[in-house]
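Q: Have a look at this one before I ask anything.
None of the figures in this text is laboratory data; all of them are computed from the coordinates on show. Computed from a prediction, not measured in an experiment: that's the story for all the values here. Note: ideal-geometry Cβ built from the backbone for every residue, glycine included; neighbour counts use all protein chains shown.
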Amino acid sequence: MWKNDDYRIMAMNALNDLIREFNSNKETPNIDEKRLYLTGFSQGGMGTWNYIKHYPNKFAAAAPLSGFFDGPQNTEDAIKLKHVPIWIFNGDSDRGTEGSRVSYKALKAAKANDVTYHEYKNQDHVIDDFAYFTSGFLEWLFKQAL
């Protein structure tokens with residue numbers, strides 16, 4: 001579970017170690033720390049929400065896919081994330097769709113700077129094989145920087 005505190009801390013330590021290793025070695029390309037993007041599907045979508053809640057200034061953008069009810073469910077929680085560009089994806093027949101809708105509405109109510117919600121018609125939980133190819137998504141993602 002990407003929401004587990006121990007796994008989240010281990011993953012972030014591994015990310016920071018990787019950045020340090022690449023950026024200190026002349027033989028490897030540097031990692032642009034202002035352009036770290038976070039995305040995941042299902043439990044990874046839940047983890048995406050979890051990581052930006054705990055590290056709201058680490059990632060240039062986030063894209064949770066089928067992330068259930070793990071996004072902000074009220075304006076107070078959304079205010080803490082309103083500066084993070086977020087593109088939320090869900091299928092309309094997924095059991096977590098309502099949670100994603102609530103997260104989107106909470107972010108809009110918090111006056112989020114850049115939030116998009118994309119709901120696929122006649123789709124269930126599994127959307128990861130096509131969501132990343134949604135028109136405009138990759139262009140939007142790679143424009144984001146801290």
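Q: Just order 134-145, 95-106, 56-67 by mean Cβ neighbour count inside 10 Å, highest at the front, would you?
A: Numbers: 134-145: 13.3, 95-106: 19.3, 56-67: 21.8.
Order by mean packing, descending: 56-67, 95-106, 134-145.
Q: What ranking, highest mean first, results for peptides 69-77, 47-55 when packing means the other Cβ atoms within 10 Å averaged over each residue? Please list the in-between numbers first.
A: Numbers: 69-77: 17.7, 47-55: 21.1.
Ranked by mean Cβ neighbours within 10 Å, highest first: 47-55, 69-77.
Q: Working from Cα positions, state the angle (0 to 90°, nearest 10) between the long axis of helix 97-109 and the longest principal axis of the chain.
A: 70 degrees
Q: Please work out how many pairs of lysine residues in the chain are eight or more positions apart (or on different chains) and have Cα atoms closer than 12 angstrom.
A: Lysine pairs satisfying the spacing and distance rule in the chain number 9.
Q: In the chain, with Lys and Arg counted as +1 and Asp and Glu as -1 at Cβ, which of these residues, ALA109, PHE130, PRO56, has the Cα nearest the positive end of the dipole, that is, farthest along it?
A: The one lying farthest along the dipole's positive direction is ALA109.
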